Amino acid sequence: MKDRMGNDASVTEKPAGRSPADGTVGKALAVLDKVAEIGRPVRFTELLAGSDHPKATLYRLLQTLVSQKMLSYDATHQTYSLGIRLVRLAHAAWRQSSIAPIARPHIAALSEAAGETVHLAQLDSGQVLYVDKRNPKDAIDMFSQAGKVGPGYCTGVGKALMAFQSPSDLSDILKKQSFYRYTDKTLSDETALRAELDTIRKEGVAFDREEHEPGIICIAAPILLAKGRPVGALSVTTSTQRKSLEELAALRPLLLETASRIAAAVEDWQFPA
């Protein structure tokens, strides 16, 4: 069989590990990731300084992203920022690929009953993606916000999610952990983390003992489908000035009941693996 250029299409090979979506699309997505990572309007020169692309290539990618409304360009300040089309896509993804819409009333009720902040999270490339958050009336300031990505190995939701992965999936996830010491209580190696994950599997809950942020503690539980697959995790989070770890542990029955209610609600829903 010949293609339109007269080549033998039956023996045409694609580069190993590449998909049709790679190439220009992959480069454009990497630029979007960079703008999102910086977290503020950014100038071309700043993007170029951290880019592997030649100046002309980067400019062409930016122009395409702007024309497609994936980025917006402020001519006055000569800066790029995330575009309105991404906002629409983010809302669609939140509704279709996240457990957040189904879990929302349950985490709201949990936050009200516990009087503390409740987080809902899912794993994303070995890290924690916070997909929703409910604050009490007197909320405390902390790192986590819906849409933010945090480390897996030193957060309660991250450890709760990792503990119930299959052995092969867990090995892949552990390879993606940095084991950076955020505090003097951060688990800093795979051996220590694996030992804690064994305990979490037995007890059904995980704790963050000021491992990510000084003064911030939590109790977390996985949201497990009937076959044991974790589709998310939720946590009750507070500060050491408000509660002790023992007081958080007393919330274990309420936390597990909420996780079970969410799991039952999403059991028949199809989510991306």
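Read the figures in this text as sums done on the coordinates, not as results from a lab. The shown structure was predicted, so the numbers you read here are calculated from the model rather than taken from an experiment. Because the Cβ atoms are built from the backbone with ideal geometry, glycine has one as well, and the counts that use them run over all protein chains shown.
The distance between label points at Leu245 and Val87 comes to 4.3 nm (points 7 Å beyond Cα on the Cα→Cβ vector).
Between Gln78 and Ala264, the distance separating the two model label sites (each 7 Å from Cα on the Cα→Cβ line) works out to 6.1 nm. The tail of the calculated P(r) for the range 98-266, taken as Cα-Cα distances beyond 23 Å, holds 30 percent of the pairs. 3J(HN,Hα) along the range 51-56: 10, 8, 8, x, 4, 5 Hz, from the Karplus curve 6.51 cos²θ - 1.76 cosθ + 1.60 with θ = phi - 60°, whole Hz, x for Gly and Pro. Other residues lying with their Cβ under 15 Å from the Cβ of Leu47 contribute a combined charge of +1, Lys and Arg counting +1, Asp and Glu -1. Taking label points 7 Å from Cα along the Cα-to-Cβ direction, Arg229 and Leu29 give a separation of 2.1 nm. Take 123-130, 227-234, 47-54 and order them by the average number of nearby Cβ atoms within 10 Å per residue, most first; the result is 227-234, 123-130, 47-54.
Pull out the extension gain between Lys55 and Ile38, defined as 0.36 nm times the separation in residues minus the alpha carbon to alpha carbon distance; nm, one decimal.
On the way: separation 17, 0.36 × 17 = 6.12 nm, distance 1.92 nm.
So the chain would gain 4.2 nm between Lys55 and Ile38.
What number comes out for the charge environment of Arg181, summing +1 per Lys or Arg and -1 per Asp or Glu over other residues with Cβ under 11 Å away? Surrounding charge for Arg181 is -2.
For Val66 and Glu112, calculate 0.36 nm times their separation in residues minus their Cα-Cα distance, and state this gained length in nm to one decimal.
On the way: separation 46, 0.36 × 46 = 16.56 nm, distance 4.23 nm.
In short, 12.3 nm is gained.
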